[in-house]
Amino acid sequence: MGRKRQKNQLELAFMRRGRGETGQSIAEGTELSGVSGGEESPVTDEKLMEEICEWRNLRRALKQVITNKGAPGVDGMKVTELPRHLYRNRKRITESLLEGRYRPQAVLRKEIPKPNGGVRKLGIPVVLDRMIEQAMAQRIQGRWERTFSEASYGFRPGRSQHDAVEQAQEYLREGNGWVVDLDLEKFFDRVNHDRLTARLATRIGDKRVLKLIRAFLSAGILENGLEQPSWEGTPQGGPLSPLLSNIVLDELDEELERRGHRFVRYADDVSIFVCSERAGQRVLASITRFVEKKLKLRVNRDKSGVGRAHRAKILGFGFTSSRAKPKRRIHKVSLKRFKERVRELTNRNQRVSMARRIERLNLYLQGWVGYYGRCQTPSVVKALDSWIRRRLRAVYWAQWKTHRQRLRQLQRLGLTGYQAGWLSGRPWGPSRISGLKWLGWALPNLHFDQLGLIRLSSRLKA
C-alpha cells in the first residue's frame, strides 16, 4: 500500500500535460533512483539550470524526498503534501528557477543530543526547498564525483562507512600503527560561503545556479521563533549539504594526497595513518595550520590527537593490537552506548509484556547488528547475546513478585520442587539471580528464540 500511494503521489505531481516546462516530452514509467554521479549526461555550463528543472530530474528528486520522509520546515508543509503542491504550482516554480527569481525559505533549527554529550544543530528546510536541493545535487554531483579522492567515503554513491573502516584496516596491515585523529570543530556551521562559492564557480558556469546555491546558504535560520541571518556554514539536514561539504574538504584531500599521506575521510571525520608518534605529531601540527589558514575552518585541539591504532575509534570501530593481522572490533565506546540503550529497553520498571519488550528490542538490535555485524570478534557479540538474555531473565524474575508466584512459575517451566524452592527462596536481587544455571534451565535460549528475540551472533557478516 505504501508503494502504491507513493506512485500515485508521483503521478499526480507529474501528470501528463503534453510537454514539460523545459520543452521535454513527458514519458511514463521512468525508473528513478537517488543521487548518482556516473549516470548523469553531460551538461553545458550555460544550461545547467535547464538540466536541473528538466522533468525527469525533478521527478527523481521528488521520489527521493518522499522516500527520505523527514519533518516539516517553517511553512509546516508535510512531505505527503508536496506532490499536490507541485501539481498546482510546477510551472510557476520552474519559471522562477529558470529566471533566477526563486528564493528559499529560512531553515528550521533543531538541536539533536549527541551520544557523547552536547548537541548537534540540525537544519530542516521546507519540503519544496529539499526537493530543489535534491534536484541540484543530482546534476552537480557528477561534476566532482569523478575527481574526488579515493580516500573520501562520505555521502558518495557506492561507498560506505564499512569501506572506510576496511581501508583503515589495510593501512594497519601495512605497518602504520599510529593514527592522527583530526576533529573539525563545528564543521557544518563554519564553512566559508565566499570560498565555497569560488570553488563551485570553477566547474559551474551558470550564474543562476551559483546564485541559487548562495541563496540556500544564506536563507537564514529560524530558532525559538526568531529568524537569524546565516553568514557561514551549510545547515545539516538539506540534500545539498553533504555534497557541498565534500567539495569544501576536497581541498584537504588534495593536500593530504600531495604530501603522500595514507588517510580515510568520512564527511568531517579524518584519520591519517603514520608509522610513529613523532611523525604523527608533525603531521597533526602541519595539517592543523593548513585547515585553519587555507580552509578557514577550526580544528578542535581537545578532540584531535595522535594515538596507537588499537586504541583509535574510527566510525564506531576499533582494531585489535595484532600488527600482522589486525581485526575489526566494536570500540569500547560503542559497546558502552549499546549497553546503555539495551538497559533502557529492558528496564524492569516498565509495565509492558515480554512480547512487546522483545519487539521494541529487536527494532534496535536489527539496526545495530546491520552496522556492527561486520566486526571480526564474534566472541564479543556472543557475550552480548548472553548478557541480553540475562537481562530478560531478570525481567521475568522481577515480574514474578512473590515467593509463591516464583515457585509456581519455575515448576511450570520444568524445574523440580527442590530447584524451584531453592531459587525462589534466595534473598538476592534479579540481576544476581539471572546468572544462576537453574534459572537458565527454566528460561533457556530456545525460549527467547521462540519469542522472536534476535541472536546477534547469527547475523555477523564478516
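The values are calculated or read from the model by the stated rules, or taken from the named source; none is laboratory data. Note that the structure is predicted; figures quoted are calculated from it, not measured. Using ideal geometry, Cβ is built from the backbone for each residue, glycine included, and neighbour counts are taken over all protein chains shown. When the accessible area is computed, the model is the full protein with side chains, heavy atoms only, and any ligands, DNA or RNA have been set aside. Shrake-Rupley method; radii C 1.70, N 1.55, O 1.52, S 1.80 Å.
Just a few scattered comments:
- To the nearest ten degrees, helix 207-217 and the longest principal axis of the Cα atoms of the chain are 40 degrees apart.
- Computed from Cα positions, the angle between helix 378-399 and the longest principal axis of the chain comes to roughly 60 degrees.
- Label-to-label distance, nm, for residues given as Lys47 and Asp302 (7 Å Cα→Cβ offset): 5.4
- Projected label distance in nm at Ser379 and Ala355, using a 7 Å step from Cα toward the beta-carbon: 3.9
- Contact order, relative form, for the chain: 14 percent (alpha carbon pairs under 8 Å, 6 or more residues apart, mean separation divided by residue count).
- Exposed-loop-free span, longest in the chain, where GluC sites (Glu not before Pro) count as exposed if DSSP calls them loop and at most 14 other C-beta atoms lie within 10 Å: 175-462
- Taking each residue as 0.36 nm, the span from Lys461 to Ser218 lengthens on full extension beyond its C-alpha to C-alpha distance by 83.1 nm.
- Probe 1.4 Å, accessible area per residue of the chain, Å²: 51
- Bridgeable aspartates and glutamates around Lys325 (alpha carbons under 12 Å apart, same-chain partners fewer than 8 residues away excluded): Glu170, Glu174.
- Charged-residue dipole, Cβ positions (Lys, Arg, Asp, Glu), the chain about Cα centre, Debye nearest 20: 2800
- Only the Cβ atoms of Lys and Arg (+1) and of Asp and Glu (-1) were treated as charged; on that basis the dipole of region 388-462 about its Cα centre amounts to roughly 160 debye.
- With the charge dipole of the chain set up from +1 on Lys and Arg Cβ and -1 on Asp and Glu Cβ about the Cα centre, the Cα lying farthest toward the positive end among the listed residues Thr234, Phe148, Ser321 is that of Ser321.
- For region 396-444, the C-alpha radius of gyration sits at 0.96 times the compact-globule guess of 2.2 N^0.38 Å, with N the residue count.
- Degrees between helix 161-173 axis and first principal axis of the chain (Cα, 0 to 90, nearest 10): 80
- For region 222-340, the alpha carbon convex hull comes to 165 Å³ per residue, rounded to a whole number.
- Proximal aspartates and glutamates to Lys69, defined as alpha-carbon separation beneath 12 angstrom and excluding residues fewer than eight positions away on the same chain: Glu81
- Of all accessible heavy-atom area on the chain, the percent that carbon and sulfur account for (1.4 Å): 47
- Remark on Val107: its backbone amide H falls under 5 Å from those of Gly220, Ile221, Leu222, a criterion applied only to residues 5 or more positions apart or on other chains, H modelled at 1.01 Å from N.
- Globularity ratio of region 204-249, using Cα Rg and 2.2 N^0.38 Å: 1.26
- Rounded to whole numbers, the Karplus 3J(HN,Hα) couplings from phi for region 438-447 are 5, 5, x, 5, 5, 10, x, 4, 4, 4 Hz, using 6.51 cos²θ - 1.76 cosθ + 1.60 with θ = phi - 60°, and x at Gly and Pro.
- Here the label points at Val333 and Met77, each 7 Å from Cα along the C-beta direction, are separated by 4.0 nm in the simple model.
- Our Cα-only numbers for region 80-152 put the radius of gyration and Dmax at 16.7, 47 Å.
- Quotient of the Cα radius of gyration of region 172-285 and 2.2 N^0.38 Å, N being its number of residues: 1.30.
- Value of Rg to Rh for the chain (Rh from inverse mean 1/r over Cα pairs, i.e. Kirkwood): 1.05
- Scattering profile of region 66-201 at q = 0.12, 0.19 Å⁻¹ [log10 I(q)/I(0), Debye over alpha-carbon scatterers]: -0.74, -1.43
- Overall shape of region 41-116 was characterised from the C-alpha gyration tensor. The equivalent ellipsoid obtained from it has semi-axes of 27, 16, 14 Å, in decreasing order.
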